[in-house]
Amino acid sequence: MSVAFLGTGIMGAPMAANIAKAGLDVRVWNRTRAKAEPLADVATVADSAAAAAEGADILVTMLADGPAVASAFEAASPASGTLWLQMSTVGLDWSDRLAAAAEKAGVVFVDAPVLGTRTPAEQAQLQVLASGPEEARPAATPVFDAVAVKTQWLGPAGQGSRLKLVVNAWVLALTNGTAESLGLARGLGLDPALFLETIKGGGLDVGYAHVKGGAMLSGEYPPAFPAGLAAKDARLVVEAAGEDVDVAGAKAALAHLEATVEAGHGEEDMAALYRAVIKER
Ligand code: NAP
């Protein structure tokens with residue numbers, strides 16, 4: 001089975017490496033070639049998306065957003081009958097548009113965003129939220145098994161993107177809530193670390209608060225999930241909710257993330273939204 005893998009960023013590089021290590025024949029392409037080069041030991045580094053996709057049985061996309069995926073898919077121009085596993089987070093509208101582009105090209109489309117961040121991607125411990133035609137499952141399974149501990153098949157294409165937004169609303173709320181509690185402690189003259197110490201091990205505790213809160217306390221934000229992409233996801237949550245659901249928490253997280261990006265910290269981890277909460281100058 002040959003796999004063309006487009007997008008070797010924070011998530012894509014370790015995912016492509018794990019697919020290759022599982023024994024599949026992998027060709028990678030990345031807009032900035034230097035980020036694909038380290039994969040040369042396990043995969044073929046292609047000069048273009050089209051060169052990666054030529055003759056491939058499966059196309060995987062792991063790019064920033066819907067427009068990036070659409071342009072890479074167009075450039076790749078995979079042959080009719082190719083199986084496309086679209087694993088980037090693109091939201092509902094773009095998932096539909098990409099499905100339509102696949103249909104036009106005679107390509108089988110599976111909407112399959114992932115849960116997990118840099119370390120789970122490196123350790124093949126992601127969760128795949130897959131949706132698409134039943135007949136795609138046998139060929140998709142070796143790829144998903146190579147990157148994930150768990151794959152859920154959720155029905156027709158688009159259901160995976162729906163669940164991804166639901167979970168990301170929770171991730172955004174946790175990160176923003178952690179930042180606000182730490183910021184409030186600081187503002188009230190308490191040691192902010194007291195917040196994490198106080199919830200630790202009790203019913204209010206959650207591991208994510210310590211991961212993101214630890215970064216906030218240290219003031220160091222090496223990117224696991226860049227703030228710019230988290231802002232993109234917050235926008236996707238708000239758009240998807242539309243007029244029917246009040247996602248005030250996602251909007252609050254979005255405001256802090258946008259301020260963080262505007263201050264020039266979009267490539268830092270999303271935990272850097274703490275900078276906006278404490279009005280760091
Ligand atoms: P990343 O490191 O910033 O990588 C983004 C990738 O998209 C890079 O390969 C980048 O190429 C490419 N790209 C951006 N704009 C492009 C364009 N116009 N044309 C072609 N390529 C373009 O991000 P990541 O964290 O790996 O995220 C990838 C996807 O996974 C996103 O949809 C993200 O929301 C989702 N995701 C991320 C996480 C996480 O924790 N990081 C978790 C789950 C899902 P260059 O290298 O040339 O810039």
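The values are calculated or read from the model by the stated rules, or taken from the named source; none is laboratory data. Bear in mind that the values here come from a model prediction, so they are computed numbers and not experimental data. Every residue, glycine as well, gets a Cβ built from its backbone with ideal geometry; the counts of neighbours run over all protein chains shown. Accessible surface areas use protein heavy atoms only, side chains included; no ligands, DNA or RNA. Shrake-Rupley method; radii C 1.70, N 1.55, O 1.52, S 1.80 Å.
For region 161-277, the normalised intensity computed at q = 0.10, 0.18, 0.20 Å⁻¹ comes to -0.28, -0.88, -1.05 (log10 of I(q)/I(0), Debye sum over alpha carbons, equal scatterers, no solvent). Over all other residues within a Cβ to Cβ distance under 14 Å of residue 139, the charged ones net out to -4, with Lys and Arg as +1 and Asp and Glu as -1. Ligands, DNA and RNA left out, the 1.4 Å accessible surface of the chain is 53% carbon and sulfur atoms.
In this structure, the amide hydrogen of residue 148, modeled 1.01 Å from its nitrogen in the peptide plane, lies closer than 5 angstrom to those of 126, counting only residues at least 5 positions away or on a different chain. Take the convex hull of the alpha carbons in the chain; its mean projected area over all directions comes to 15.2 nm². For the chain, the per residue solvent-accessible surface stands at 46 Å², with DNA, RNA and ligands left out and a 1.4 Å probe. Restricting attention to the chain, close to 15% of DSSP beta bridges with both partner residues there are antiparallel.
Kirkwood-type hydrodynamic radius, region 143-222: 14.9 Å, calculated from all non-identical alpha-carbon pairs. Most tightly packed first, judged by the mean number of other beta-carbon atoms within 10 Å of their residues, the peptides 29-37, 268-276 read 268-276, 29-37.
Look at the alpha carbon pairs under 8 Å that are at least 6 residues apart: their mean separation over the length of the chain gives a relative contact order of 14 percent. Normalised by 2.2 N^0.38 Å, where N counts its residues, the alpha-carbon radius of gyration of region 2-155 equals 0.91. Screening the chain for whole DSSP H helices with an alpha carbon extent of at least 20 angstrom along the helix axis and a mean Kyte-Doolittle hydropathy of at least 0.0 yields 159-187, 227-241.
Remark on region 34-103: Rg and Dmax equal 12.4, 37 Å (Cα only).
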